[in-house]
1. Does Tyr91 count as of a type in the set (Phe, Trp, Tyr), within 20 Å of Arg223 (Cα to Cα) and assigned to a loop (DSSP other than H, G, I, E, B)?
2. Out of Ala155, Ala167, report the one residue that is modelled with pLDDT of 95 or more, surrounded by 22 or more Cβ atoms within 10 Å (Cβ to Cβ) and aliphatic (A, V, I, L, M).
3. Between a residue in the stretch 82-97 that is acidic (Asp, Glu) and any residue that is surrounded by 11 or more Cβ atoms within 10 Å (Cβ to Cβ), which pairs come within a Cβ distance under 9 Å, given they are 6 or more apart or on different chains?
4. What about Ser188, is it out of contact with any Gly (no Cβ under 9 Å at 6 or more places or on another chain), loosely packed, with under 14 Cβ neighbours inside 10 Å and within 22 Å of Gly90 (Cβ to Cβ)?
5. State yes or no: is Ser176 of a type in the set (Gly, Ala, Ser), under 27 Å from Thr117 (Cβ atoms) and surrounded by fewer than 20 Cβ atoms within 10 Å (Cβ to Cβ)?
6. Report whether or not Arg223 is modelled with pLDDT of 95 or more, in contact with a strand residue (DSSP E or B) (Cβ under 9 Å, 6 or more places away or on another chain) and of a type outside the set (Gly, Ala, Ser).
7. Go through the stretch 102-130 and give me each residue that's part of a strand (DSSP E or B) and either under 18 Å from Asn185 (Cα atoms) or under 43 Å from the mean Cα position of the chain (by Cα) (or both).
8. I'd like to check something: does the stretch 141-152 contain any residue that is closer than 28 Å to Tyr91 by Cβ, in contact with a strand residue (DSSP E or B) (Cβ under 8 Å, 6 or more places away or on another chain) and of a type outside the set (Val, Ile, Thr)?
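The values are calculated or read from the model by the stated rules, or taken from the named source; none is laboratory data. Model, not experiment: these values are computed from the prediction. Here Cβ is always computed from backbone atoms with ideal geometry, including for glycine, and neighbour counts include all displayed protein chains.
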Amino acid sequence: MKRIPSGIPVVAGGVLIALIALGAGSIFSNTDSSTSTSTFSSASAATPASAETQAATPTPASTPAPAPAPGTAIAQLATLAVKGRAPKTGYNREKQFGRAWIDVDHNGCDTRNDVLTRDLKVTSRTGCRVLTGILADPYTGATISFVRGERTSSAVQIDHVVPLMDAWQKGAQQLSHDQRVSLANDPSNLLAVDGRENSRKSDGDAATWLPPRRAVWCEYVARQVSVKARYHLWVTAAEHDAIAQILSTCPSQKRF
């Protein structure tokens, strides 16, 4: 066997192996570190760029609803006060709103016959008194024959579009007696209608009763709004919302 100088083979071999191992570890370590650092740096650099892009993107602004046109019912609705319903205490139809029906316009005919003359196709009469006629009922769309008589006159009734009890609970208590009489006989607050539907309505407001015929809803609530505005009456929150929802479908509906 060839002799190797003392101390060198073992030490040199161990150093060589160690150096190789260290070199390899250094190579892998540098490679992993470089790769990891490069990946982290790329991700870190991407995050601020993405945030800047998002910050630069404008948030779409909501478009405000257009203001109601002057002269419309929905514009007039905005002028009505919204309050709770007052008690019925003290209500008496004749005492508070006058006898039904009287001649408030001094034309020689009482209010009921004035409305029948306006709303019916009158087929016979005696002076002011409408005896027979045909009603195209706005609430149901039905055609109703009117014949004056104890058992037949109720087929056609005169509806207070804003019921007098409703008015009493929503501001009419603060009106003078003459103003309440005017309200009870105001032609814009009166319609000849089907008697059964008028009875079903009773004292209901727009939140509790509407005509079966949807085609007249806009005109119906527009009348209520105009009457309440004219006599300084208010609406409840539920009533206001019901009217607003209807008028939103017909924003050009004129006030009365």
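1. No; evaluated as a whole, the condition is false for this residue.
2. Ala167
3. Qualifying pairs under 9 Å: Glu94/Ala100.
4. no
5. no
6. Criteria met by Arg223.
7. Leu120, Lys121, Val122, Thr123, Arg129, Val130
8. No: the stretch 141-152 contains no residue that is closer than 28 Å to Tyr91 by Cβ, in contact with a strand residue (DSSP E or B) (Cβ under 8 Å, 6 or more places away or on another chain) and of a type outside the set (Val, Ile, Thr).
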